[in-house]
1. Which value, in Å to one decimal place, does the Kirkwood hydrodynamic radius take for the range 90-241 when every pair of different Cα atoms is included?
2. Rank-order 71-83, 416-428 by packing density, defined as the average count of other C-beta atoms within 10 Å over each peptide's residues, highest first.
3. Averaging the inverse of every distinct alpha carbon separation and then flipping it gives the Kirkwood radius. What is it for the range 229-381, in angstrom units?
4. Can you work out the FRET efficiency for the pair Glu505 and Asp431, with r the C-beta to C-beta distance and R0 = 25 Å, to the nearest 0.05?
5. Would you calculate a helix-derived [θ] at 222 nm for the chain, using -39,500 (n - 2.57) for each DSSP H run of n ≥ 4 and dividing by the full residue count, to the nearest 500?
6. Expressed as an acute angle from 0 to 90° and rounded to the nearest 10, what is the orientation of the C-alpha long axis of helix 485-505 relative to the principal long axis of the chain?
7. Taking every DSSP beta bridge with both residues inside the chain, roughly what % is antiparallel (nearest 5)?
8. Could you work out how much longer the chain between Ala453 and Lys129 gets when fully extended? Use 0.36 nm per residue separation minus the Cα distance between them, nm to one decimal.
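Quick note: the coordinates plus some simple rules give every number you see, no bench work behind them. Owing to the predicted nature of the structure, the values given are computational and were not obtained by experimental measurement. All Cβ positions, glycine included, derive from the backbone under ideal geometry; neighbour counts span all protein chains shown.
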Amino acid sequence: MSSSNVVKIFDTTLRDGEQAPGCGMTAEEKLRVAHQLEKLGVDIIEAGFPISSEGDFQSVKVIADTIRGCEIAGLCRANYNDIDRGWEAVKGAEQPRIHTFIATSDIHLQHKLKKSKDEVLEIISGAVKHARNYTENVEFSCEDATRTDLDYLCQAVELAIRAGASTINIPDTVGYTVPEEFMHIIRTLNERVKDIDKVTLSVHCHNDLGLAVANSLAAITEGARQVECTINGLGERAGNASLEEIVMALKVRNDMNPYTTRLSTEQLYPASRIVSQVTGINVQPNKAIVGANAFAHEAGIHQDGVLKERITYEIMSPEEVGIPSNKIVLGKHSGRHAFRTRLEEYGYFLEDEPFKNAFKKFKDLADKKKYVFDEDIEALISEEFVRSSDFYELVSANYSGGSDMHPVATVKLRVDGEEFTISESGDGPVDAAYQAVAKLTGLNPALEHYIVASITEGIDAQGEVSVRVEDEGVITQGQGADTDIVVASVKAYVNALNKLRWRKEHPKRVSSRGMM
Ligand code: KIV
Ligand code: ZN
């Protein structure tokens with residue numbers, strides 16, 4: 001069992017997180033998230049699954065070539081093709097890692113892989129040895145480990161170590177285990193597997209029973225020194241263990257969990273916001289650490305207590321996790337310099353052209369809105385980050401309607417660099433505008449989800465619209481913000497259509513489930 005008390009944070013938002021329905025990200029979006037993960041200080045970024053598509057290969061490669069200060073991992077099934085392709089993608093990183101895996105449970109062996117236990121052991125040994133030809137930094141995962149016969153799990157892990165793996169990952173792939181049982185599994189591996197103390201033991205928990213964080217913490221007490229997790233707990237089905245919850249549980253309850261990470265916790269909330277903007281998935285208001293209500297005190301008795309002494313009802317401060325205090329940042333008379341300084345304080349470094357666009361938008365917003373908050377600025381500049389991958393760009397949206405008039409919307413869109421305008425009618429102004437966008441783009445997906453929320457308080461607050469669309473099985477999400485909610489709705493729709501077209505042009509060749 002490890003004597004170190006440092007726990008490595010392995011972030012898989014860009015790989016397992018991306019496997020959540022509709023969360024596919026473009027290369028630019030992934031790079032933007034990766035920059036924030038670098039700033040947050042995660043130890044390892046799993047940037048994607050390089051063989052799954054050309055797009056994913058390129059995203060992993062660009063992240064490996066750009067990000068410094070974190071190890072960059074690429075996921076590969078346990079076969080030579082995947083590993084060769086995975087290495088091509090990650091090899092430019094400061095510290096590249098090959099992460100290879102195969103299922104070890106009887107259920108997966110019989111129904112999915114249709115292989116015997118001995119055959120799988122042979123595959124493990126061959127795959128890890130092949131990966132070792134490229135690098136010493138090889139992680140091996142036993143998919144569905146928590147439903148694997150424990151003797152066989154010990155055998156598989158020992159073989160992977162003998163073949164040269166430096167990290168062994170024990171996934172609770174289907175979120176089935178409970179803390180006591182998981183502790184028993186990790187303890188048994190530590191007791192029985194030869195040379196287990198020479199590798200980093202890692203865990204990777206899914207949240208189907210809502211136990212992913214509890215199971216990860218339990219495993220740490222038994223010697224796991226790497227946890228795999230995602231921002232906002234994003235991931236397949238009910239998601240993965242939430243990174244922010246694990247990190248803050250270790251920090252706030254360090255008396256009970258005497259382990260440290262190297263993360264800058266004040267970057268947690270910005271990371272949560274970026275992932276939410278990029279994926280279009282809103283964080284539930286009561287989500288621990290980063291939810292809108294995580295630090296809101298509604299009951300009078302609580303408010304009274306907090307005003308008298310914060311620690312009566314607060315176990316950590318919002319500042320510690322980077323939640324802005326609804327500060328009025330700038331007004332309509334603020335200049336470029338003040339605007340750039342504020343952006344940099346908030347952690348955004350924009351190139352000249354996006355900065356110019358963002359500043360113009362800020363001025364327009366400040367004309368419409370009395371107070372401009374951090375959240376407004378953040379929504380505004382997030383549009384600048386996705387620009388370069390956009391096929392469609394909204395130039396203008398105008399509409400007329402009301403209780404006695406049939407709604408009509410006129411939308412001007414830049415499509416692949418050329419401007420087009422069209423007017424359409426509909427059941428309401430948003431419907432009319434969406435019909436116009438559909439005509440202009442030639443895309444008419446089903447609108448599965450449409451949510452409007454206000455970014456800050458007050459009658460002049462910006463509306464933030466999130467949409468989810470589906471076309472021939474491809475699901476994407478989009479977000480848009482504006483003081484006019486019809487315009488915000490069009491921005492969100494255009495954002496979702498950009499991703500839809502990108503997804504269709506970069507189809508995944510395989511899924512990480514049901515392979516081999
Ligand atoms: O959940 C899982 O088993 C995985 C592995 C590929 C690590 O994501
Ligand atoms: Zn997983």
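1. Details: mean 1/r = 0.0649 Å⁻¹.
About 15.4 Å for the range 90-241.
2. So the order, starting with the most tightly packed, is 71-83, 416-428.
3. 17.4 Å
4. 0.35
5. -12000 deg cm²/dmol
6. 40 degrees
7. Details: 37 of 74 bridges.
Around 50 percent antiparallel, to the nearest 5.
8. 111.5 nm
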